[in-house]
Amino acid sequence: MSRLTQSAVWQSLTLLAQNIQGQHMRDWFKADPQRAERYTISGCGITLDYSKNLLNDEIKAALIELASQAKLKEKRSAMFRGETINTTEKRAVLHTALRNFSGKPVEVAGQNVMPDVMAGLDKIKSFVDSIYSGAHKGFTGQSITDVVSIGIGGSFLGPKIMSEALKPYWQKGLKVHFVANVDACHIQDVLAELDIERTLIIMSSKSFSTQETLQNTLTARAWFLQQGGSEKDIAKHFVAVSSNIAAATNFGIDEDNIFPMWDWVGGRYSMWSAIGLPLALTIGFDNFKAMLLGAFEMDKHFQTAPLENNMPVIMALIGLWYRNFFQAQSYVLLPYYHYLRGFPAYVQQLDMESNGKRIARDEEVDYDTGPIVWGSEGTNGQHSFHQLLHQGNTLIPADFMLPLRVPNQNRKHHAMLASNCFAQSQALMQGKTFDEAFAELQGKGLSAQEHECLARHKVMPGNKPSNTLLFEELNPHTLGALVALYEHKVFVQGVIWGVNSFDQWGVELGKILGNQILDKLEMPDSNLDFDASTNSLVQRFRDSTQ
Ligand code: F6P
């Protein structure tokens, strides 16, 4: 058994989970009229109601003790201080420095990184200004009206999903298109609509070695040259964001057109850096900065609020409670706001790439780590997968999200959206008893047998946990705080599980094998020496493309 599962606090949490078997949240709410108030935290434009959880004060105290024993406070300080907490890659983890407006230095190996961070931000501002003012011109003297942002994973999801979320803040005169997949259908469709003279390509790749991004950029470059651009015009139409300046210049990007990012920013934590350039172009620099400020406010909350009233800490502990003591394999994100519909996919990378790990403190774990993250916008899911949330036997905790005010507010629509959101968490919590279902069916002309049978089908056990996150409105500031909230939640869980939340070795093997297979596809006469299944798949592909 690991040190973690052997610990007294882990053992007592196991007992506490057993003790509440058979108890129902419905009764807890009846017995304690203050429950919602006691289990609500507000800050940074966000209100978190976590009262509809299988939680009481004793459990909460034990979970906080678990965090304390994992030295959460010390590890949190180590991250913000720039210590090398990403041990397998020997890197600091400092996405928080990218939104550090405290005026205080942040040092990596004795070097204050803040002057570079602020210079990077100035470069973003100047570039955004030059596009909107028309000072930046294409090779025929036209101003830029379209931007194609090429990147994948963390170099794509943040800018794309946050742009979508902030649609009401889009600036006029510029349209940003995102391309990630190496499937040519995507880039070809996007480029087909664009006017070369007015298009700017942003290539975003921290490593500058990601196959999909390199290939899509080569395709965009070939398109540029075919459409009448020349090699010397490329500088006016291609910029890159990367920490690998040498590879970017080798690729042919002018050094002045490279926006730096740093070794100490992980891909999935990088939207605050120049990786966010497409987002800054979409919403304007002031809104981009407001988003950074929102994240900075959440950073302060995370660092200073007592653990029992600390949003990321509480959300992390609740998630861990279900993952480790109720074997919940997943949790679902349910944004009741159309513009936030991509958020589950963002958190999916953030959480699963960070905590989907099997080694903790250099040993194999004997407990579950990162959960599966999924979800989509409400109310759509209510007419599909919510059936399983309500009556399936699998425990799937949910995070509901709703802005209280929305742009172009249509009272009727918004009231319907909100009522559905609140009704879902209510239904999950309270459920429907057999007696309630039976009573509902009285007088419906059913035989006694049908009556009883149908009532059984209509029973909803309830006691299904959820958090509800309300936003005053989903503006750039609140969105920044929201993303930082989930980043810190993931960090806290990683600390308790003892995993390195900042490497991603698990994605490497597929990349290596993919390149080996690509060689075989491109050399149709070469010998196939993979396993029989892979050989046969490769051969079928070769046969069909000859
Ligand atoms: O393959 C995984 C990954 O490395 C992610 O962690 C990262 O966000 C993405 O690929 C893109 O990487 P890069 O920015 O280096 O192209």
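The values are calculated or read from the model by the stated rules, or taken from the named source; none is laboratory data. Everything numeric here is computed off the predicted structure, so don't read it as measured data. Don't worry about glycine lacking a Cβ; one is built from the backbone with ideal geometry, like all the others, and counts go over all protein chains shown. Heavy atoms of the whole protein, side chains included, go into the accessibility calculation; ligands, DNA and RNA do not. Shrake-Rupley method; radii C 1.70, N 1.55, O 1.52, S 1.80 Å.
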Could you grab me the full set of residues in segment 233-286 that are away from the ligand (no atom under 16 Å from the Cβ), part of a loop (DSSP other than H, G, I, E, B) and either farther than 21 Å from Ser163 by Cα or among the hydrophobic types (A, V, I, L, M, F, W, C) (or both)? Gly252, Asp254
May I ask you to list pairs of residues, at least six apart or on different chains, whose Cβ atoms are under 9 Å apart, with the first in segment 175-193 being closer than 12 Å to Ser149 by Cβ and among the basic types (Lys, Arg) and the second being surrounded by 12 or more Cβ atoms within 10 Å (Cβ to Cβ) and at pLDDT 95 or above? Lys175/Thr145; Lys175/Asp146; Lys175/Val147; Lys175/Thr282
Out of curiosity, is Val313 among the β-branched types (Val, Ile, Thr) and assigned to a helix (DSSP H, G or I)? yes
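Pick out the one residue from Ala316, Ala328 that is within 14 Å of Asn53 (Cβ to Cβ) and surrounded by 21 or more Cβ atoms within 10 Å (Cβ to Cβ). Spell out how you get there, then give the answer.
Working: Ala328 fails: surrounded by 21 or more Cβ atoms within 10 Å (Cβ to Cβ).
Of Ala316, Ala328, the one residue that is within 14 Å of Asn53 (Cβ to Cβ) and surrounded by 21 or more Cβ atoms within 10 Å (Cβ to Cβ) is Ala316.
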Consider only pairs whose beta carbons are under 9 Å apart and that are at least six residues apart or on different chains; among these, list those whose first residue lies in segment 155-171 and is among the acidic types (Asp, Glu) and whose second residue is away from the ligand (no atom under 16 Å from the Cβ) and not in a helix (DSSP H, G or I). Glu164/Arg341
Of the residues that make up segment 97-115, is at least one in a helix (DSSP H, G or I) and surrounded by fewer than 15 Cβ atoms within 10 Å (Cβ to Cβ)? yes
Among the residues listed as Gln226, Gln211, the single one being farther than 26 Å from Leu98 by Cβ and free of Cβ contacts under 8 Å to residues at least 60 places away in the same chain: Gln226
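Sort out which residues of segment 338-367 are away from the ligand (no atom under 16 Å from the Cβ), over 16 Å from the mean Cα position of the chain (by Cα) and either part of a loop (DSSP other than H, G, I, E, B) or closer than 14 Å to Gln504 by Cα (or both), and write them in order of number. Spell out how you get there, then give the answer.
Going residue by residue through segment 338-367, those that are away from the ligand (no atom under 16 Å from the Cβ) are 338-341, 343-344, 358-367.
Those left that are additionally over 16 Å from the mean Cα position of the chain (by Cα): 338, 358-367.
Arg358, Ile359, Ala360, Arg361, Asp362, Val365, Asp366, Tyr367, listed by residue number.
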Residue check: is Thr84 in a loop (DSSP other than H, G, I, E, B) and assigned by TED's automatic domain parsing to the domain that holds Ser204? no
Given (1) open to solvent by 30 Å² or more (accessible area, probe 1.4 Å); (2) touching a Ser or Thr at 6+ places or on another chain (Cβ under 8 Å); (3) in contact (Cβ under 8 Å) with a residue 60 or more places away in the chain, where does Glu89 come up short, assuming only one miss? (2)
Can you tell me which residues in segment 158-202 are open to solvent by less than 30 Å² (accessible area, probe 1.4 Å), under 21 Å from the mean Cα position of the chain (by Cα) and within 16 Å of the ligand (Cβ to nearest atom)? Gly158, Pro159, Ile161, Met162, Phe178, Val179, Ala180
Of the residues in segment 11-25, those that are surrounded by 13 or more Cβ atoms within 10 Å (Cβ to Cβ) and among the small types (Gly, Ala, Ser) come to Ser12, Ala17
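Give segment 203-223 a look and list any residue that's among the small types (Gly, Ala, Ser), more than 12 Å from the ligand (Cβ to nearest atom) and open to solvent by 10 Å² or more (accessible area, probe 1.4 Å), or say none.
Within segment 203-223, Ala222 is the sole residue that qualifies.
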In the list Pro461, Pro465, which residue meets the criterion of being within 28 Å of Asn56 (Cβ to Cβ) and surrounded by fewer than 17 Cβ atoms within 10 Å (Cβ to Cβ)? Pro461
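If you take just the helices (runs of 4 or more DSSP H) that sit entirely in segment 384-441, which of them hold at least 1 residues that are at pLDDT below 95? Break it down stepwise before answering.
Details: elements: 386-391, 411-430, 434-440.
Result: 411-430.
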